[in-house]
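Novice: Quick one: structure below, then a few questions.
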Amino acid sequence: MILLRNAKIMTSSKLTDILIDEGKIIAIDDFITAKATKILDINGATVIPGAVDVHVHLREPGFEHKETIKSGTLAAAKGGVTTLMAMPNTKPVIDSMLHLEKIKSIIKKDAQVRVFPYASVTIGEKGQEVTDIKGLAPFVKGFSDDGVGVGNLDLLRRAMISVKQFNGIIASHAEVFEYVSTPESEVLAIRQELELVREIGCRYHFCHVSLKESFELIARAQSEGLDVTCEVTPHHILLCADDVCLDTNKKMNPPLRSIDDVLATRRALLDGVATIIATDHAPHTPLEKSRDFASAPNGVIGLETLVPLIYTEFVYKKQATLSDMVQWISINPAKRFDLPCGELTVGGLADLSVIDTESSIYSEAEIVSLSKNSPFIGHKMYGKNILTLVAGEVKYVDNKKVKAYEENR
Ligand code: DOR
Ligand code: ZN
Ligand code: ZN
């Protein structure tokens with residue numbers, strides 16, 4: 001049994017204790033006297049459900065020099081992310097039961113938070129042959145060819161029919177290859193894919209949407225009643241093209257957009273067109289990122305900064321409430337992909353993040369991820385995670401902020 005002392009739950013200002021046993025919250029009360037093996041005094045910090053990030057590149061197997069399942073999930077735990085979905089653009093691509101079983105065995109051995117791997121839509125993410133969706137569907141929470149768009153629309157149609165049949169969901173990296181690196185690439189892909197969703201009616205999710213026109217298309221589809229959702233990333237909310245200045249840590253795909261698009265991205269979130277914030281955590285090593293801008297790889301890390309960036313930008317700056325934030329980073333993604341998420345009630349799952357509302361400056365030295373490619377180094381942030389519980393187990397604790405002791409009676 002674990003006892004959290006002096007907690008504020010969500011927006012409540014009242015101090016309370018939370019007792020946790022066998023992975024669940026078993027009591028919430030003013031002062032709990034039950035015997036616990038471990039007591040964590042969080043000194044008035046705020047408890048929220050752990051974040052659920054549906055767009056993460058853990059890189060293992062195949063690119064362990066960038067990140068591993070161990071290092072990536074340690075980064076997640078540090079950031080207060082208790083559940084994540086891992087993109088399948090590994091080596092090999094997760095496109096068969098064999099590859100899925102292999103990655104699941106590494107997850108079982110090394111993961112510090114809950115990890116649900118995606119399977120790819122096409123074999124090798126090559127866009128030539130649909131994967132065995134029927135065989136894979138019972139064992140994954142989603143299908144994606146993230147990193148590339150599924151260019152072949154006939155193939156995508158076939159995949160959608162299959163995914164619909166097995167009640168799955170596709171997470172689309174919407175990009176038309178021929179137009180790569182122009183805004184039309186995203187808008188056109190979304191338009192084409194929405195046509196297919198209209199025709200077939202499969203559950204569909206757009207990854208990292210970043211343009212005003214894209215949100216307009218998605219909003220229209222939603223108003224027609226199509227089962228379509230989309231996610232936005234912290235970097236597309238917080239940074240714009242003018243910030244790039246050839247800094248390879250600000251190079252990602254989709255790229256940073258105009259200030260108009262940034263404002264549209266924030267509006268999409270506040271208006272409920274985008275219901276999910278996901279990081280697109282995409283580690284690349286310092287050496288890879290030290291190449292010149294044109295040849296450096298796309299991607300930024302994000303697991304360790306999701307919670308404080310969103311807290312700072314929306315809650316601290318009073319643009320939205322803490323409840324809105326928890327919807328975007330925890331409840332909505334969990335619902336959409338049928339993932340576990342902690343409700344802060346007695347009987348609820350003890351997947352929790354505790355946030356410190358004081359400010360701190362994000363530094364490269366504190367990064368747990370193997371790669372350091374964050375565009376937010378040096379940023380002042382409020383709402384940093386100081387304690388993470390997954391199924392009631394401590395997966396991260398900031399010992400300067402949390403007093404931990406074993407009960408001695
Ligand atoms: O920036 C990105 N990085 N965008 C992608 O689509 C792929 C990802 C990666 O895998 O590095
Ligand atoms: Zn992508
Ligand atoms: Zn991605």
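The values are calculated or read from the model by the stated rules, or taken from the named source; none is laboratory data. Nothing here was measured: the structure is a model prediction, and the numbers come from that model. Ideal geometry is used to build each Cβ from the backbone, glycine not excepted, and the neighbour counts take in all protein chains shown. When the accessible area is computed, the model is the full protein with side chains, heavy atoms only, and any ligands, DNA or RNA have been set aside. Shrake-Rupley method; radii C 1.70, N 1.55, O 1.52, S 1.80 Å.
Novice: Tell me, how many Å apart are the Cα centres for the stretch 88-145 and for the stretch 1-39?
Specialist: 37 Å
Novice: If you don't mind, another one. What is the dipole size for the chain, taken about its Cα centre, with +1 at each Lys and Arg Cβ and -1 at each Asp and Glu Cβ, in debye to the nearest 20?
Specialist: Details: 46 positive and 54 negative charges, 175 e Å.
Dipole of the chain, to the nearest 20 debye: 840 debye.
Novice: Return P(r) of the stretch 280-409 (all Cα-Cα pairs; 5 Å bins starting at 0; whole %; ordered from short to long distances).
Specialist: Over the stretch 280-409, the share of Cα pairs per 5 Å bin runs 2, 9, 15, 18, 20, 16, 10, 7, 2, 1, 0, 0, 0 percent.
Novice: Moving on to the next point. What residues qualify as long-range amide H neighbours of residue 229, i.e. H under 5 Å apart, gap of 5 or more or another chain, H built at 1.01 Å from N?
Specialist: Distant-sequence amide H within range of residue 229: 204, 205, 206.
Novice: By average Cβ neighbour count within 10 Å, what is the ranking of 343-349, 8-14, 295-301 from highest down?
Specialist: On the way: 343-349: 14.6, 8-14: 12.9, 295-301: 19.6.
Order by mean packing, descending: 295-301, 343-349, 8-14.
Novice: Show me the ranking of peptides 42-49, 246-253, 152-159, 228-235 by mean Cβ neighbours inside 10 Å, starting with the highest. It would help to have the intermediate numbers written out before the result.
Specialist: Details: 42-49: 21.1, 246-253: 18.9, 152-159: 17.2, 228-235: 25.0.
Going by the mean number of other Cβ atoms within 10 Å, highest first, we get 228-235, 42-49, 246-253, 152-159.
Novice: Also: Starting with the highest mean, order 76-89, 110-123 by the number of other Cβ atoms within 10 Å, averaged over the residues of each peptide. Numbers along the way, then the final one.
Specialist: Values: 76-89: 28.6, 110-123: 23.1.
Highest mean packing first, the order is 76-89, 110-123.
Novice: Quick one, what does Rg over Rh come out to for the stretch 6-45 if you take C-alpha atoms and the Kirkwood Rh? Please report the intermediate quantities before stating the final value.
Specialist: Numbers: Rg = 10.0 Å, Rh = 10.6 Å.
Result for the stretch 6-45 is an Rg/Rh of 0.94.
Novice: Where only protein heavy atoms count, and the probe is 1.4 Å, what is the accessible area per residue for the chain in Å²?
Specialist: Values: 16570 Å² over 409 residues.
For the chain, the per-residue accessible area is 41 Å².
Novice: Between 294, 137, 27, which gets the highest mean-square fluctuation from a Gaussian network model of the chain, Cα cutoff 10 Å?
Specialist: Residue with maximal mean-square fluctuation among 294, 137, 27: 294.
Novice: Shifting gears a bit: Multiply the residue gap between residue 318 and residue 380 by 0.36 nm, knock off their C-alpha separation, and tell me the result in nm, one decimal place. Please list the in-between numbers first.
Specialist: Working: separation 62, 0.36 × 62 = 22.32 nm, distance 1.64 nm.
Separation in residues times 0.36 nm, less the Cα-Cα distance, equals 20.7 nm.
Novice: Beyond a 31 Å Cα-Cα separation, which of these cross-linked pairs lie in this structure: 102/212; 24/335; 8/250?
Specialist: Values: 102/212 40 Å; 24/335 19 Å; 8/250 36 Å.
Violating the 31 Å Cα-Cα cut-off are 102/212; 8/250.
Novice: Right, here's the next one. Using only Cα atoms, figure out Rg for the chain and give it as a multiple of 2.2 N^0.38 Å.
Specialist: Values: Rg = 20.7 Å, N = 409, 2.2 N^0.38 = 21.6 Å.
Taking the Cα Rg and dividing by 2.2 N^0.38 Å, one obtains 0.96.
Novice: In addition: Could you run the Karplus curve 6.51 cos²θ - 1.76 cosθ + 1.60 with θ = phi - 60° over the stretch 4-10 and give me ³J(HN,Hα) per residue in whole Hz, x for Gly and Pro?
Specialist: Karplus-based 3J(HN,Hα) across the stretch 4-10 equals 8, 9, 6, 9, 10, 8, 6 Hz.
Novice: Against the longest alpha carbon principal axis of the chain, how many degrees, from 0 to 90 and to the nearest 10, is the axis of helix 153-165 turned?
Specialist: Orientation of helix 153-165: about 40 degrees from the principal axis.
Novice: Remind me, relative contact order of the chain in percent, using alpha carbon pairs under 8 angstrom and six or more residues apart? Let's see the in-between values first.
Specialist: Working: 979 pairs, mean separation 89.3, N = 409.
For the chain, the relative contact order is 22 percent.
Novice: Starting at the first residue of the stretch 327-343, write each ³J(HN,Hα) from the Karplus equation 6.51 cos²θ - 1.76 cosθ + 1.60 with θ = phi - 60°, in whole Hz, x for Gly and Pro.
Specialist: 4, 5, 9, 9, 5, 5, x, 4, 5, 5, 10, 6, 10, x, 8, x, 8
Novice: Over the stretch 159-230, one equal point on each Cα, no solvent: what is log10 I(q)/I(0) by the Debye formula at q = 0.14, 0.26 Å⁻¹?
Specialist: So the normalised log intensities are -0.39, -1.20.
Novice: Express in whole angstrom the spacing between the alpha-carbon centres of the stretch 266-336 and the stretch 148-176.
Specialist: Taking the Cα centre of the stretch 148-176 as reference, the centre of the stretch 266-336 is 24 Å away.
Novice: Considering only protein heavy atoms and a probe of 1.4 Å, how much of the accessible area of the chain is carbon and sulfur, as a whole percent? Walk me through the numbers before you get to the answer.
Specialist: Numbers: 8540 of 16570 Å².
That fraction is 52 percent.
Novice: Against the longest alpha carbon principal axis of the chain, how many degrees, from 0 to 90 and to the nearest 10, is the axis of helix 97-110 turned?
Specialist: Once rounded, the angle reads 20 degrees.
Novice: Here's something else I'd like to know. State the answer as a single residue: which of 44, 192, 105 lies farthest towards the positive end of the charge dipole of the chain, with beta carbon charges of +1 for Lys and Arg and -1 for Asp and Glu, about the Cα centre.
Specialist: 44
Novice: Taking only Cα atoms, what is the 0 to 90° angle, nearest 10, from helix 69-79's long axis to the longest principal axis of the chain?
Specialist: 60 degrees
Novice: Run through all the Cα pairs of the stretch 1-67 and give the fraction in each 10 Å bin from 0, expressed as whole percent.
Specialist: Reading the bins upward from 0: 19, 37, 17, 19, 8.
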